[in-house]
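Please read the structure below before turning to the comments.
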């Protein structure tokens, strides 16, 4: 116990009493919001660009930069999601329609305020889970074999169909399209390239970032162009809640903007505290599973939220409940991904894979002994998550108010600017013009699918999870000598299989009960 207090006090001195660390955190927050707010520039790319700078930093400031950057970049991905209908992260695609509905109603600050509030709450919840349950939860993560991961990926894909607005048949078609696109190139279990048509760039498969930008961003541009040519919606939507006139300086520049972003969010969080707790648990537990992360957690949490809601018909049309629950799981998964990284040296996602490299560069070896040998550093990481999420409040608020001005720009001016960002975002991933072509092709596909009322979210998740799902399927069959029993031979796998079966059978059960 005495050693624990010594490590805690040492962490407080190393993080809270060091002006240099605070300076790094503030700069990382601004940088993370900037990078996350530009479509195509992901949190992983932002961290990768910062790694060379961390070489010249001490361990604590270096990790503080990474933690703060990721927390802010994940939230900032919701800014283009709300204003431009371009998800900044794959997890954001789960609630794109809900978030963009607020912008179409002239309330972009309302939707982004929900994202900011629940992102901070989710991040703090994830930090608490990391502090209290790191070692026990990491032990649980080791119980997952390839069969459990197969069912987990399948459950995430199933939830994408469940939460989609409109026909389940169309949502299933979208998922199948995404899975088909995921088969392009070399897979982890095949040595022959598939559907590459002689293009060497397709050997690594279709990059989901250009695909996501095209499906949501370019298709939105094409739809607006059609509307403008028909004389529809020629101007930007009116932003509600922004009072102009003779009111006082305090009301106009402080209280009114604060109300437009945060009003009612605390009450909603308290009224739905048990739902928020459920979403935080889902995000933290799924986030700690290597390769799962926030992408699946956000979809599963949204599906659970819709299933338990008294107003499921509002989901996809601006549901505040859906946005809150999904963003809660999205942010809580960030800290969860650090659990296997710290305890076993196994990255929970692409960001923690970079973090492990930073730790090794600083002569810190992740593993079970890190709590005994580097106790002060571990407590410092806990404090970094808390400080990073608290600093996100003012920085995120400033980003919301600055980004909200985009809504006032007329569509004829805004659409070419968005197109430029789409092209830059697609090109910046690999510096490849081929990715720009992928973005363009996906934009046309997204435009056609939306004209047919086919949702786009399942397409994105199918592209992302199709490859891992196929690999786990082949690996499970190989280990079981081709027998299907291998998928349910372990208790955890059998439980996940039953949950997945229940999710797919719910529509039939509901129809039978109505009859």
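Can you spot a residue in the range 262-282 that is assigned to a helix (DSSP H, G or I) and under 23 Å from residue 463 (Cα atoms)? Yes. For residue 493, indicate whether it is surrounded by 18 or more Cβ atoms within 10 Å (Cβ to Cβ) and assigned to a helix (DSSP H, G or I). The answer is yes for residue 493. The set of residues from the range 436-452 being within 15 Å of residue 424 (Cβ to Cβ) and either in contact with a strand residue (DSSP E or B) (Cβ under 7 Å, 6 or more places away or on another chain) or without any contact (Cβ under 8 Å) to a residue 60 or more places away in the chain (or both) comprises just one member, 437.
Candidates 457, 462: the one that is in contact with a helix residue (DSSP H, G or I) (Cβ under 9 Å, 6 or more places away or on another chain), surrounded by 11 or more Cβ atoms within 10 Å (Cβ to Cβ) and at pLDDT 80 or above is 462. Where residues in the range 196-208 are within 29 Å of the chain's Cα centre (by Cα) and loosely packed, with under 14 Cβ neighbours inside 10 Å, which of them is nearest to residue 466 (Cα to Cα)? So, considering only residues that are within 29 Å of the chain's Cα centre (by Cα) and loosely packed, with under 14 Cβ neighbours inside 10 Å, the one nearest to residue 466 (Cα to Cα) is 204. Selection of helices (runs of 4 or more DSSP H) fully inside the range 28-126 by the criterion of at least 2 residues being in contact with a helix residue (DSSP H, G or I) (Cβ under 8 Å, 6 or more places away or on another chain) and closer than 24 Å to residue 415 by Cα returns 59-76, 78-83, 96-104. For the range 305-326, the set of residues classified as in contact (Cβ under 8 Å) with a residue 24 or more places away in the chain, closer than 22 Å to residue 263 by Cα and surrounded by fewer than 17 Cβ atoms within 10 Å (Cβ to Cβ) consists of 317 only. What residue, of 381, 400, 339, 356, is closer than 30 Å to residue 414 by Cα and either assigned to a helix (DSSP H, G or I) or at pLDDT 85 or above (or both)? Every option except 400 fails the conditions. With respect to being touching a residue at least 60 places away in the same chain (Cβ under 8 Å), in a helix (DSSP H, G or I) and over 21 Å from residue 326 (Cβ atoms), residue 23 falls outside the description.
Within the range 177-221, if we keep just the residues that are out of contact with any helix residue (DSSP H, G or I) (no Cβ under 7 Å at 6 or more places or on another chain), within 25 Å of residue 475 (Cβ to Cβ) and part of a helix (DSSP H, G or I), the residue that is modelled with the highest pLDDT turns out to be 180.
Cβ-Cβ contacts under 8 Å between residues 6 or more apart (or on different chains), taken from a first residue in the range 475-497 that is touching a residue at least 12 places away in the same chain (Cβ under 8 Å) and at negative phi to a second residue that is surrounded by fewer than 18 Cβ atoms within 10 Å (Cβ to Cβ) and in a loop (DSSP other than H, G, I, E, B), are listed as 475/189; 486/480; 487/480; 489/480; 490/145; 492/143; 493/145; 497/488. Going by the conditions given, is residue 73 modelled with pLDDT of 80 or more, buried (at least 24 other Cβ atoms within 10 Å of the Cβ) and more than 21 Å from the chain's Cα centre (by Cα)? In short, no.
Here is a check on your reading of the model: is residue 160 at pLDDT below 85 and in a helix (DSSP H, G or I)? Taking the combined requirement at face value, the residue satisfies it.
The values are calculated or read from the model by the stated rules, or taken from the named source; none is laboratory data. The model shown is predicted, which means the values in this text are computed figures rather than measured ones. Backbone-built Cβ (ideal geometry, glycine too); neighbour counts: all protein chains shown.
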